[in-house]
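Asks: Have a look at the structure that comes next, please.
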Amino acid sequence: MTAYIIRRLLLAIPTVLGTTLIIFTIMRVMPGDVVDTIIGDEVVATEAQKDRIREDLGLSDPLPVQYLTWLSGVVTLDFGDSLWTRRPILDDVARRLVPTLQIAVGALIVSLLVAIPAGAVSAIRQGSIVDYAVRGFAIAGLAIPNFWIATMALLLSNLYFGWIPPIAYRDFWTDPSQNMQQLLGPMLILGYALAAPVARMTRSAVLEVLREDYIRTARAKGLRQSNVLFRHGLKNALLPIITISATQVGFLISGSVIMETIFVVPGLGKFVVDSIHGRDYPVVQLLVTFMAVGYVFINLLTDLSYAWLDPRIRYS
Amino acid sequence: VEYVVIGAKEVLERDGELGQDPVGTGAFRLADYVPGSTVTLDRFDEYFESELPYLDRIVYNIIADRRTALEAFLAEDLDMLYALNEQGAEISSRMGDNAVVSTTASNARNHLFLNSSRPPFNDPRVRQALSIAASRADHAALVYGGFGREIGGYMAPGPEGVWSLPEERIRAIRGYGDNDLAEARALLEAAGIAEGTELEIVSRNIYETLAVFVTETLRQLGLNGTPRLLDTAEAYAAGASGQFDILPWTAVPPLDDPDAVLGDIGWSGASRNWSFFDNARVDELYLQQSRTLDVEERREMVNEIDATLLENYASIVMGYNVITHAHRAQVKNKSYHFGESYYNRSYTDIWLDS
């Protein structure tokens, strides 16, 4: 197992390096100049002035030099400064990572707490009104856009209760109540969106497992239905559920952009989008690199969890 | 020079720039900044006017989603709001006397930059045809939510704009009065523009409504155009490189001053001369007015530049927006003036009535 993990981690290095090269190239070949966007609508600048700004930002070096300079900075944990704010990128990323992680973890917990029981009950009661209700709930979660649910949540809570979640972000340790009031909405809405495919997957996986011989054997032995379901059925049905949940992590990042915008959360998702629009190259490069590392790590954890759930799977 | 920043020498020497440790001369000082969330300013106790300011603290909430900002204001979580024009009515109806809604004239205007460096807009008749076809009233209704000024030149219209070309002179220019599709079509025909001609419309993604308006105007003329909406950086690059036929754009010159406005979008050397319009007389007058101290003499030159640009359809000025402001009734002594939202942020002598 240890050898397998080491091999996977070594294989991750070219993956992450490739990602850095791709994102560096994409950012540089994209039309648009960061200097123009920094100057904006309201300042008149000559080409010479723009060139001077470009030089100040380190953008006048040849591209390979820029890439290697940036990469060597990353390797030595010097992630550089934002082209826009001139502040160290890591400070902003660290600050913004916290609410995004809170939303992502909260949404994941909400989705699993809702989806797995709902999907399992739906499978056990196949064809019943409960089954139809769960399937309707899941399809609605897939069909209704997050932004609509979020906007309606704000509008209706204001109309009927004269209340909306706080608009100023406070971190959990400074003001846990305000923090949770602000983040609970995004967690629930994203959790619901994530629960929809997971519930459907749970239902189909449990249905498939319940038809297996070992389930019939367990029942024939006289085990209680709950034992059959939880000890023999659900554990074996978890493999596809874990796979789909892991792949949804990307959805949590992209989906959080909209939630962060509507619920005024200064998170990482919106930071990525704003940085792309502003052509803040080092910020985008770093965030994408972090995401690539995150994906690699989550995929590794997912693969390792297979062996834990199914003893027949062995890594060598 | 449009902005002059006054800062502390020791900060510049220490940081190499002024942005990280702002030093100002105002009545409030920066207390806290949470990127993407809030900017907090505290009362500066040593302000030179000893009784001012009245407020102890101002918190700016950075809210990107306009609906969220509106709901926060309606829920009375905010005292003031820079609203969308169409939100004013909703605020009034839901808050009644608890809110004060007002609009002020602004220097924000919509231009249709027409690429005169290549066909078909290198032909003045085609530029004129588009100006005649484009309904300023429809534009104001669609893009400004029924607000705004329909007629204006390069310099902001009076009485707020002090350098404006008189409205009757603007209206006398064909294409700045009533729109006439038949006349516009005749001009296109004379210029040899066939029905169904494809035109490349490029704009910023935040100007989608304006781009849609242009597309519809072209359709009425029998021309085709599919807007390509780009993010800011890409749109600037497209504008500067001339990769478009029509570039609908909102320009907001920071000052109602000929150097600021015409230096940005008027003369051939302007940083956003995206129509690639080149007129020796305009250039001569632009440089001359910049060195002229007599106001009336300068105004005449500026008016001539404005008229020349409009008569040649260097770009088509579609109209001027207004700014809608709202504040809770308990906010006292807040007044707004011409310009743009950036300039209406003095809180020195306002107070809250409990």
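No value in this document is a laboratory result; all are computed from the given coordinates. What you see is a predicted model, and the numbers here were worked out from it, not measured in a lab. Cβ placement follows ideal geometry from the backbone for every residue including glycine, while neighbour counts extend to all protein chains displayed.
Asks: May I ask for the net charge around B:Glu10, where only other residues with Cβ less than 14 Å from the Cβ of B:Glu10 are counted and Lys, Arg are +1 while Asp, Glu are -1?
Replies: Net of charged neighbours comes to -2.
Asks: In debye, nearest 20, what is the charge dipole magnitude of chain A about its Cα centre with +1 on Lys and Arg Cβ and -1 on Asp and Glu Cβ, if you could check? Let's see the in-between values first.
Replies: Details: 26 positive and 24 negative charges, 427 e Å.
Magnitude of the dipole: close to 2040 debye.
Asks: Next question. Over all alpha-carbon pairs of chain A, lay out the pair-distance distribution in 10 Å bins, whole %, shortest bin first.
Replies: Distribution as computed: 5, 20, 25, 24, 16, 7, 2, 1, 0 percent.
Asks: With a ≥ b ≥ c the root eigenvalues of the C-alpha gyration tensor of the stretch B:1-138, is it rounded (a/c under 1.5), prolate (a/b larger than b/c) or oblate?
Replies: In terms of gyration-tensor shape, oblate.
Asks: Counting Lys and Arg as +1 and Asp and Glu as -1, each charge on the Cβ, what is the dipole of chain B about the Cα centre in debye, to the nearest 20?
Replies: Using only the charged Cβ atoms, the result is roughly 720 debye.
Asks: For peptide B:232-242, how many partner chain Cβ atoms fall within 10 Å of a residue's Cβ, on average? Before the final figure, lay out each step's value.
Replies: On the way: counts 8, 13, 8, 4, 9, 6, 2, 1, 2, 1, 0.
Mean inter-chain Cβ contacts per residue within 10 Å come to 5.
Asks: Still on this structure: Using a 10 Å cut-off around each Cβ of peptide B:61-71, what is the average number of partner chain Cβ atoms that fall inside? All intermediate terms of the calculation are to be shown ahead of the outcome.
Replies: On the way: counts 5, 5, 6, 7, 10, 0, 6, 11, 2, 3, 10.
Going residue by residue through B:61-71 and averaging, the value is 6.
Asks: Checking the a/c ratio against 1.5 first, then a/b against b/c, what shape does the Cα gyration tensor give for the stretch B:203-354? Could the numbers behind the result be given before it?
Replies: Details: a/c = 2.36, a/b = 1.23, b/c = 1.92.
Judged from the Cα gyration tensor, the stretch B:203-354 comes out oblate (a/c at least 1.5, b/c at or above a/b).
Asks: Under a plain spin-label model, where a point goes 7 Å from the Cα along Cα-to-Cβ, how far apart in nm are B:Glu208 and A:Met1?
Replies: Taking the simple label geometry, B:Glu208 and A:Met1 are separated by 5.0 nm.
Asks: Here is a follow-up. Summing +1 for each Lys or Arg and -1 for each Asp or Glu, what net charge is found among the other residues whose Cβ lies under 12 Å from the Cβ of A:Glu47?
Replies: Here the charged neighbours net out to 0.
Asks: Oh, and also: Could you point to the residue in B:Gly26, B:Ala69, B:Tyr54 farthest towards the positive end of the stretch B:11-92's charge dipole, with +1 and -1 charges on the Cβ of Lys/Arg and Asp/Glu respectively?
Replies: It is B:Ala69.
Asks: For the stretch A:233-306 and the stretch A:2-42, compute the distance between their C-alpha centroids and round to whole Å.
Replies: Rounded to whole Å, the Cα centres lie 15 Å apart.
Asks: In the protein assembly as shown, if the dipole is taken from +1 on Lys/Arg beta carbons and -1 on Asp/Glu beta carbons about the Cα centre, which of A:Ala94, A:Phe79, A:Gly106 is farthest to the positive end?
Replies: A:Gly106
Asks: Excluding residues on the same chain fewer than 8 positions from A:Lys50, give the aspartates and glutamates whose Cα lies under 12 Å from its Cα.
Replies: A:Asp33, A:Asp36
Asks: Right, next: Please give the helix A:2-29 orientation as an angle from the longest Cα principal axis of chain A, in degrees from 0 to 90, rounded to the nearest 10.
Replies: With both axes taken from Cα atoms, the answer is about 40 degrees.
Asks: Is the stretch B:1-75 rounded, prolate or oblate when judged by the Cα gyration tensor, a ≥ b ≥ c being the square roots of its eigenvalues, rounded requiring a/c under 1.5 and prolate requiring a/b larger than b/c? All intermediate terms of the calculation are to be shown ahead of the outcome.
Replies: On the way: a/c = 2.38, a/b = 1.42, b/c = 1.67.
It is oblate, given that a/c is not under 1.5 and a/b is not larger than b/c.
Asks: Select from the stretch B:26-71 those GluC sites (Glu not before Pro) which occupy a DSSP coil region and have at most 14 other Cβ atoms within 10 Å, ordered by residue number.
Replies: Here the GluC sites (Glu not before Pro) that fit, given the DSSP loop and packing criteria, are B:Glu46, B:Glu49, B:Glu51.
Asks: If you count, for each residue, the other Cβ atoms within 10 Å and average over each peptide, how do B:106-117, B:16-27, B:248-259 line up from highest to lowest?
Replies: Highest mean packing first, the order is B:106-117, B:248-259, B:16-27.
Asks: Would you mind listing how long the stretch A:122-275 runs along its three principal axes, going by Cα atoms, in whole Å with the largest first?
Replies: 59, 34, 28
Asks: Give the order of B:Lys9, A:Lys235, A:Lys50 when sorted by the count of other beta carbons within 10 angstrom, beginning with the fewest.
Replies: If I rank by nearby Cβ atoms, fewest first, I get B:Lys9, A:Lys235, A:Lys50.
Asks: Quick check on packing: order B:213-220, A:24-31 by the mean number of other C-beta atoms within 10 Å, highest mean leading. Present the calculation step by step, with values, prior to reporting the outcome.
Replies: On the way: B:213-220: 19.4, A:24-31: 14.9.
Listed from highest to lowest mean packing, they are B:213-220, A:24-31.
Asks: Still on this structure, please answer the following. Kindly state, to the nearest 0.05, the FRET efficiency for A:Leu142 paired with B:Ala172, given R0 = 45 Å and r defined as their beta-carbon distance.
Replies: Given R0 = 45 Å and the Cβ-Cβ separation, E is 0.15.
Asks: Suppose every K and R has +1 on its Cβ and every D and E has -1 on its Cβ; what is the size of the dipole of the stretch B:239-354 about the Cα centre, in Debye to the nearest 20? Kindly include the intermediate steps, with their values, before the conclusion.
Replies: Working: 9 positive and 18 negative charges, 143 e Å.
About 680 debye.
Asks: Chain B: Rg/Rh from Cα coordinates, Kirkwood Rh?
Replies: Rg/Rh: 1.01.
Asks: Could you tell me how many degrees, from 0 to 90 and to the nearest 10, lie between the Cα long axis of helix B:232-241 and the main elongation axis, the longest principal axis, of the Cα atoms of chain B?
Replies: That works out to roughly 40 degrees.
Asks: Follow-up. Mind sorting B:Trp274, B:Trp163 by how few other Cβ atoms lie within 10 Å of their own Cβ, fewest first?
Replies: B:Trp163, B:Trp274
Asks: Using only Cα atoms and rounding to the nearest 10 degrees, what angle (0 to 90) does helix B:295-311 make with the longest principal axis of chain B?
Replies: Long axis of B:295-311 versus the principal axis of chain B: about 50 degrees.
Asks: Translational D (Stokes-Einstein, µm²/s) of the stretch A:75-205 at 37 °C and 0.692 mPa s when Rh comes from the Kirkwood sum over C-alpha pairs?
Replies: My calculation gives 192 µm²/s for D.
Asks: Follow-up. Go through the stretch A:75-88 residue by residue and turn each phi into a ³J(HN,Hα) via Karplus (6.51, -1.76, 1.60, θ = phi - 60°); whole Hz please, and just put x for glycine and proline.
Replies: Karplus values, whole Hz, x for Gly and Pro: 4, 9, 6, 9, 8, x, 10, 5, 5, 8, 8, 6, 8, x.
Asks: By a straight-distance test (C-alpha under 17 Å), which aspartates and glutamates pair with A:Lys235 as possible cross-link partners, with residues fewer than eight away in the same chain excluded?
Replies: Within the straight-line limit of under 17 Å, A:Lys235 reaches these aspartates and glutamates: A:Glu208, A:Glu212, A:Asp213, A:Asp303, A:Asp310.
Asks: Using a Förster radius of 35 Å, what is the FRET efficiency between A:Arg52 and B:Leu52 based on their Cβ-Cβ separation? Nearest 0.05, please. Kindly include the intermediate steps, with their values, before the conclusion.
Replies: On the way: r = 40 Å, r/R0 = 1.13.
Efficiency computed from Cβ-Cβ geometry: 0.30.
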